[in-house]
1. From the residues in region 366-400 that are more than 55 Å from the chain's Cα centre (by Cα), part of a loop (DSSP other than H, G, I, E, B) and of a type outside the set (G, A, S), which one is surrounded by the most Cβ atoms within 10 Å (Cβ to Cβ)?
2. If T118 meets every condition in (1) open to solvent by 40 Å² or more (accessible area, probe 1.4 Å); (2) touching a Phe, Trp or Tyr at 6+ places or on another chain (Cβ under 6 Å); (3) not charged (D, E, K, R) apart from one, which number is that one?
3. From P70, P53, P89, grab the single residue that is surrounded by fewer than 12 Cβ atoms within 10 Å (Cβ to Cβ), within 17 Å of T135 (Cα to Cα) and not small (G, A, S).
4. Identify, please: which residue in region 96-115 is part of a loop (DSSP other than H, G, I, E, B), open to solvent by less than 70 Å² (accessible area, probe 1.4 Å) and among the small types (G, A, S) and is, among those, nearest to N63 (Cα to Cα)?
5. Test D254 against the criterion of being in contact (Cβ under 8 Å) with a residue 12 or more places away in the chain, within 28 Å of A465 (Cβ to Cβ) and open to solvent by 40 Å² or more (accessible area, probe 1.4 Å), and give yes or no.
6. Sort out which residues of region 241-251 are closer than 21 Å to V215 by Cβ and open to solvent by less than 60 Å² (accessible area, probe 1.4 Å), and write them in order of number.
7. Would you be able to say whether some residue in region 181-199 is under 27 Å from H302 (Cα atoms), of a type in the set (D, E, K, R) and either modelled with pLDDT under 65 or in contact with a helix residue (DSSP H, G or I) (Cβ under 6 Å, 6 or more places away or on another chain) (or both)?
8. Among the listed residues T43, T38, which satisfies the condition of being at pLDDT 90 or above, crowded, with 16+ Cβ neighbours inside 10 Å, part of a helix (DSSP H, G or I) and more than 40 Å from the chain's Cα centre (by Cα)?
Amino acid sequence: MPLARQVLALQLTVLVVVIAAGGVLALFDARHDSDEATRDEVTAVAVTLASAPSTVAAVRSANPTALLQPQTEQIRMQTGMDFIVVMAPDRTRFTHTDPDQIGKQFTGTIDRALAGETFTETYAGTLGPSIRAVTPVYDDGQVVALVSAGVTRTKIGSEVTGQLPGILLVVGLGIVVALAGSLLLSRRLRRQTHGMAPAELRAMFEHHEAVLHSVREGLLVFDIDTGRDGYAAVVNDEGRRLLDLPPGPVRRSDLPASLQGLGERNTRDEMHVTPARVLVANQEPVVWGGRTIGTVLTIRDHTELQSVMGELDSVRGFADSLRAQAHESANKLHTVITMVELGRYDAAVEFATAELQLSQHLIDRLTNTVGEPALAALLLGKVDQSAERGVELTVADETALDSTEPLTPHEAVTLVGNLIDNAIDIAAQDDGGWVEVTVTQDDSSLLVQVADSGPGLDADAFAAARARGYSTKTGHHGLGLALVGQLVARHHGSIEAQREPCAAIIVRIPRSAT
């Protein structure tokens, strides 16, 4: 049975029982109130009659019944009593509703009245069970008679029965209101639980928990429809690990800066760079009933993939450089052969050795001054790559280093390669573009400076480029400065942009990071 129907049945049962019990209690309360009112009424009638001087005079007369019977019957009719009995101290009745009972003994308790007390009691007399009051009649301080006034239980019950329709009406209205409220609650609960049974909800929760903690993809669900705007309703273990989130509630402001800026927009495979990782983020709004109630953010770790892609780019650069060199060498070889065939031997030798000497000079210089072969190969490959794009790349004469420490060879290639790629992209936008690379070291730090012919970045643009952390370009391009910033932060270094005397990015990595 669906949960909503079970709740409806249980709620209706409880409400009907409570309302019915309330009705019964109200009935008993009405009977109690009626009994109390009757006691007050019979006491008032008995005391009033006992206190009347005419009552004392009649009792002292030769024929009390002749004087008292008409008077008590009139009072009885006016007050609604079922009986009013005036009796002698020995219980002999002077008056009674039933004339046949006059002169006979009064049945009931009179001892307390003979002692001077006015009291009430419930007693089954000649007219049936009744609530009666008994009070003494005094003459010169002596009890000369007793007065008893009463109302039968049958009459009291009829009065209570007269209140019963009102009580039943209130009970019925209560049940109708409870039924309407229960139906509305059941309808809302059925809509929120999709008509599922408790066992199905429990199974869904268990599967939900198992999936959340087992998937190898970070998941964050932000709820904006329950007054907790900005808080994550769900964060799985992988999400906390990838974003280095502490235990406890997570706000969107706890995320890296670039992820905070996602807002509620739809996002597909955006690259985000955190201080420790390269992440791919996807976000979709959760829409229910035509309104957005939250967002689902998923993240995947692409740090290793980004590293592989960086190495692949380097290999592609080397391959492109070799391809260009092979093409250029074929042209030059064809030219030399033609010169030889024309008998211009000296010119052929001069043409063949000029370019070779220039290239060999750069190779020899980098081989002798750069102690890391991977970095030297990168610089040589970037020279040819930039030439293909019409950009002149030069390696400054002061470039020299024994090793890339504290960077690993791979980190050094990532750092220098990304800076050079960014500079070539900018310089290639204008004719005559140039890039100059300087890599040096001393006892305290490793310095990498890449200058270009572009306009440079001001402080705001530089900060935005580093903090942006994602790119709309194809593949991973556009992440250069973010990746460099990540690497520099990991080694406690510094990175700055300058515009004078020329545009340049300068990175310093301390050689003894703390």
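The values are calculated or read from the model by the stated rules, or taken from the named source; none is laboratory data. If you're wondering where the values come from, they're calculated on a predicted model, not measured in any experiment. All Cβ positions, glycine included, derive from the backbone under ideal geometry; neighbour counts span all protein chains shown. To get the accessible areas, we keep the full protein, side chains included, count just its heavy atoms, and leave off ligands, DNA and RNA. Shrake-Rupley method; radii C 1.70, N 1.55, O 1.52, S 1.80 Å.
1. Only one residue tops the list, namely T399.
2. (2)
3. Details: P70 fails: within 17 Å of T135 (Cα to Cα); P89 fails: surrounded by fewer than 12 Cβ atoms within 10 Å (Cβ to Cβ).
Answer to the selection: P53.
4. Our first condition is that a residue be part of a loop (DSSP other than H, G, I, E, B); within region 96-115, this holds for 96-98, 102-104, 106-110, 115.
Still in the list and also open to solvent by less than 70 Å² (accessible area, probe 1.4 Å): 96-98, 102-103, 106-110.
When the remaining residues are screened for being among the small types (G, A, S), the result is 103, 108.
On the way: G103: 12, G108: 24 Å.
Here the answer is G103.
5. Details: in contact (Cβ under 8 Å) with a residue 12 or more places away in the chain: no; within 28 Å of A465 (Cβ to Cβ): yes; open to solvent by 40 Å² or more (accessible area, probe 1.4 Å): yes.
Judged against the criteria, D254 is not a match.
6. Across region 241-251, the qualifying residues are L242, L243, L245, V250.
7. Within region 181-199, none of the residues are under 27 Å from H302 (Cα atoms), of a type in the set (D, E, K, R) and either modelled with pLDDT under 65 or in contact with a helix residue (DSSP H, G or I) (Cβ under 6 Å, 6 or more places away or on another chain) (or both).
8. On the way: T38 fails: at pLDDT 90 or above.
That would be T43, the only listed residue that is at pLDDT 90 or above, crowded, with 16+ Cβ neighbours inside 10 Å, part of a helix (DSSP H, G or I) and more than 40 Å from the chain's Cα centre (by Cα).
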